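One structure below.
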Amino acid sequence: MLRQTLLATRKIVTSPILQGPIELPKLDYGYKDLEPVINSEIMELHHSKHHQTYVTNYNAALEKLKAAVANNDASAIVQLGPALKFNGGGHINHALFWKMLNKNGGKPSDDLSNAIKASFGSLDKLKDELTAASVGIQGSGWGWLGYDPKSKSLKIATTANQDPLFETTGLKPLFGIDVWEHAYYLQYKNVRPNYVKAIYDIMNWNYINELYAKAKSS
């Protein structure tokens, strides 16, 4: 169990997005721009408070890790694992999440549309499967559409808490749905299905198309 935790932490800490101190990314839109699907109060709290907390806590843990490594303090290194994994994963997930949303997000490319049809039968069936997976998460986590490099197909997956998709499953993320309560509760209360179904209206297909093309070519 300890070895698995250390390996998972190492995968996250060595992610390119987490090299060196990290910063809260700027959004490509204003806090009001995703209304009515996600209201401005949620967006501001989610981005400037929750995401910022992941950034702050990760950087603090990273500094402690550097000191622990310099002092060859194996016990401290192990103890820092959960904080690095959780906050690093939170940053990875949210940095992607903001870019995956946009009210003027276009539509799936022909290439991605064909992949969706091959893997799910139709876009509606993809949404049905992703909705069921996301709504069914017990507690907090993420629902994902990912690309499987091994089978060269699209797959639905879930991750717990702030575990990032690629580092956890090997699937390359194309679209993620944050189902932590802070992502929707102020607006949708305890009706998670309504939030999940509404978020499809602000999928940034232009960015998802880019992610898919990059995932296929790498």
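The values are calculated or read from the model by the stated rules, or taken from the named source; none is laboratory data. Note that the structure is predicted; figures quoted are calculated from it, not measured. All Cβ positions, glycine included, derive from the backbone under ideal geometry; neighbour counts span all protein chains shown.
What residue, of 103, 85, is assigned to a loop (DSSP other than H, G, I, E, B) and charged (D, E, K, R)? After applying the criteria, what remains is 103.
Cβ-Cβ contacts under 9 Å between residues 6 or more apart (or on different chains), taken from a first residue in segment 57-78 that is within 19 Å of residue 18 (Cβ to Cβ) to a second residue that is at pLDDT below 90 and of a type in the set (S, T, N, Q), are listed as 78/5. Return yes or no: is residue 113 more than 30 Å from residue 41 (Cα to Cα), touching a Leu at 6+ places or on another chain (Cβ under 6 Å) and either surrounded by 14 or more Cβ atoms within 10 Å (Cβ to Cβ) or not aromatic (Phe, Trp, Tyr) (or both)? Spelling it out, it is not the case that residue 113 is more than 30 Å from residue 41 (Cα to Cα), touching a Leu at 6+ places or on another chain (Cβ under 6 Å) and either surrounded by 14 or more Cβ atoms within 10 Å (Cβ to Cβ) or not aromatic (Phe, Trp, Tyr) (or both).
Close Cβ contacts (under 8 Å, 6 or more residues apart or on different chains) running from residues in segment 117-144 that are among the acidic types (Asp, Glu) to residues that are surrounded by 17 or more Cβ atoms within 10 Å (Cβ to Cβ) and not in a strand (DSSP E or B) comprise 129/120.
So, residue 118, is that one outside any loop (DSSP other than H, G, I, E, B), modelled with pLDDT of 95 or more and out of contact with any helix residue (DSSP H, G or I) (no Cβ under 8 Å at 6 or more places or on another chain) or not? Judged against the criteria, residue 118 is a match.
Residues satisfying the criterion are present in segment 75-98 (criterion: of a type in the set (A, V, I, L, M, F, W, C) and surrounded by fewer than 17 Cβ atoms within 10 Å (Cβ to Cβ)). Listed here are the strands (runs of 3 or more DSSP E) enclosed by segment 123-218 that have at least 2 residues being out of contact with any helix residue (DSSP H, G or I) (no Cβ under 8 Å at 6 or more places or on another chain) and crowded, with 18+ Cβ neighbours inside 10 Å, and there are none. Is it the case that segment 41-64 has a residue that's of a type in the set (Lys, Arg) and more than 23 Å from residue 204 (Cβ to Cβ)? Checked segment 41-64: at least one residue is of a type in the set (Lys, Arg) and more than 23 Å from residue 204 (Cβ to Cβ).
Hey, could you check segment 26-74 for residues that are over 20 Å from residue 192 (Cα atoms) and polar (S, T, N, Q) and say which is surrounded by the fewest Cβ atoms within 10 Å (Cβ to Cβ)?
The initial filter retains those residues of segment 26-74 that are over 20 Å from residue 192 (Cα atoms), namely 26-33, 48-49, 51-74.
Subsequent filtering for residues that are polar (S, T, N, Q) retains 48, 52-53, 56-57, 59, 71-72.
Numbers: 48: 13, 52: 15, 53: 13, 56: 13, 57: 17, 59: 17, 71: 10, 72: 8.
Among those that are over 20 Å from residue 192 (Cα atoms) and polar (S, T, N, Q), it is 72.
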